[in-house]
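Contents: one structure, followed by commentary.
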Amino acid sequence: VQLVESGGGLVQPGGSLRLSCAASGTGFGLKSVGWYRQAPGHQREWVATIIGTDDTSYAGSVKGRFTISKDMVKNTVYLAMNNLQPEDTAVYYCKMIDGIMNYWGQGTQVTVSS
């Protein structure tokens, strides 16, 4: 099983990005998939989770700005991020829970700066 994130980059405050997490070796199906982020000097924190295709939850700091979604055909989970702020700067990781196993991707850097 491999998860690969993409879509990170440098964006100005107020801008938008869409991150992708593609799975190989298994399908996301109804499994729980989450996005997490880790800023320099900080612990990794939870951002959002999707279970199935429409059961979603968000951290308070991103609610209303970020949207998590899943494309079952493309076997990809997305994180659409709007109105990005400097405090959103971090490496973003996706995680899939499959039974007792947790699978992580390698992360993608998001930098919000003017």
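Where a number appears in this text, it was derived from the coordinates with a stated rule and is not lab data. Everything numeric here is computed off the predicted structure, so don't read it as measured data. Cβ sites come from the backbone with ideal geometry, for glycine too, and all protein chains shown count toward neighbours.
Among the aspartates and glutamates, which fall within straight-line cross-link reach of Lys74, defined as a Cα-Cα distance under 17 Å, with same-chain neighbours fewer than 8 residues apart omitted?
Counting by Cα, and skipping residues close in sequence, Lys74 has these aspartates and glutamates nearby: Glu5, Asp54.
Identify the residues of the range 17-58 with backbone N under 12 Å of a label point that sits 7 angstrom from the Cα of Asn82 along the Cα-to-Cβ direction, or state none.
Under 12 Å, as judged by backbone N against the label point of Asn82, lie 17 of the range 17-58.
Which semi-axes, in whole Å and largest first, does the equivalent ellipsoid of the chain have when worked out from the alpha carbon gyration tensor as the square roots of 5 times its eigenvalues?
After diagonalising the Cα gyration tensor, the semi-axes are 23, 14, 13 Å.
How far is it, in nm, from the label point at Arg44 to the one at Val73 when both lie 7 Å from their Cα along the line to the Cβ?
The modelled label-to-label distance comes out at 3.2 nm.
For Ala59 and Ser114 in one chain, what is 0.36 nm times their gap in residues minus the Cα-Cα distance, to one decimal in nm?
Result: 17.3 nm gained on full extension.
Under unit Cβ charges (Lys, Arg +1; Asp, Glu -1), what dipole magnitude, rounded to 20 debye, does the chain have relative to its Cα centre?
40
What is the local net charge at Ala23, summed over the other residues whose Cβ is closer than 14 Å to its Cβ (Lys, Arg +1; Asp, Glu -1)?
Cβ neighbours under 14 Å give a net charge of +1.
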